[in-house]
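Values quoted throughout were computed directly from the atomic coordinates according to the rules given, and no laboratory measurement underlies them. Computed from a predicted model, the values in this text were never measured in an experiment. Glycine also receives a Cβ, built like all others from the backbone with ideal geometry; neighbour counts cover every protein chain displayed.
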Amino acid sequence: MIDDVSDIVELYSSNPQEEHNRLERRQLEYDLTWRYLNQYLPSQGTILEVGAATGRYTLELAKRGYTLTAVDLSAALLETCRKNLMDEGLERQVRLVVADARNLIEVTEKRFDAILLMGPLYHLIEKADRKLALKEAFDRLRAGGVIFSSFISRFGVLADLIKDKPGWIEDQPKVWSLIEKGKRPDGYPRGGFRGYFAQASEIAPLHKAVGFETLVVAGVEPVIAADDDSYNKLQGKQRHLWLDLLYELSVEKSIIGVSRHLLYIGKKK
């Protein structure tokens, strides 16, 4: 039986604007992700975006001329996405679908040029569910098409916890369940941000088991840990040069796991 994620839907639906604003605070994550999108996306074509939320990536991709199918579990997030698209006159380029990443039966197209799965996998606690979501994506990607999928790093998230929630360390069962299993202890109450926190070493094998060929596994917040403000303040030449350096370091194996978010890029053979 697949996991009930209604609590995750409730979490995101309760404050759609908070999700839209998140990448204003996490600018390095956004900028580096775009570096990889620019490098590996085809210059034109169709994109399936699963976990589109309020459309932070959707809007920019539509502006660049891509035709998109944007999927999310939360109707409230997609309603915000629809309004954002209408404000930009882009609604005709994007089809919106409320659906679970593990069951994309309403997405009948089978030859997308690219798939973005940048969110759902870190809310799927069970490995079987993560594989199911990847299989659904694999089945809808054309041969040679590319997939971008995101994870939260098991050890990278500690930087945020020690900064923002230092009292977390006092719940030792919860601490060691995260370290050893990547999730809350079984039986803990639901609510709040309930997710699966991956180790960098497990990401490529997970995709390979479904049939993807790995191109890149990168950390999209290398070096900065939880210090977003220092990067956000950079401007002009300094910001560009720092982004260049951090892009080069994003695949350095010795530090990938300390980035909060991990990005996988692969292709369908």
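Values computed for the structure shown
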{"read-out": "Dipole axis of the chain (+1 Lys, Arg; -1 Asp, Glu on Cβ), positive-most option in Val175, Leu11, Leu104", "value": "Leu104"}
{"read-out": "Beta bridges per DSSP with both ends in the range 6-268, % antiparallel, nearest 5", "value": "45 percent"}
{"read-out": "Candidates per GluC sites (Glu not before Pro) in the range 106-195, loop by DSSP, up to 16 other Cβ within 10 Å", "value": "Glu106, Glu109, Glu126"}
{"read-out": "Gyration tensor (alpha-carbon) shape descriptor, the chain, a/c threshold 1.5", "value": "rounded"}
{"read-out": "Value of [θ]222 nm, deg cm²/dmol, for the chain, DSSP H segments ≥ 4, -39500 (n - 2.57) each, nearest 500", "value": "-12500 deg cm²/dmol"}
{"read-out": "Relative contact order computed over the range 6-268 (Cα-Cα under 8 Å; 6+ residues apart), in percent", "value": "22 percent"}
{"read-out": "Size of electric dipole in the range 6-268: Cβ of Lys, Arg +1 and of Asp, Glu -1, about Cα centre, debye, nearest 20", "value": "600 debye"}
{"read-out": "Cα gyration tensor shape of the range 1-117, rounded if a/c is under 1.5, else prolate or oblate by comparing a/b with b/c", "value": "rounded"}
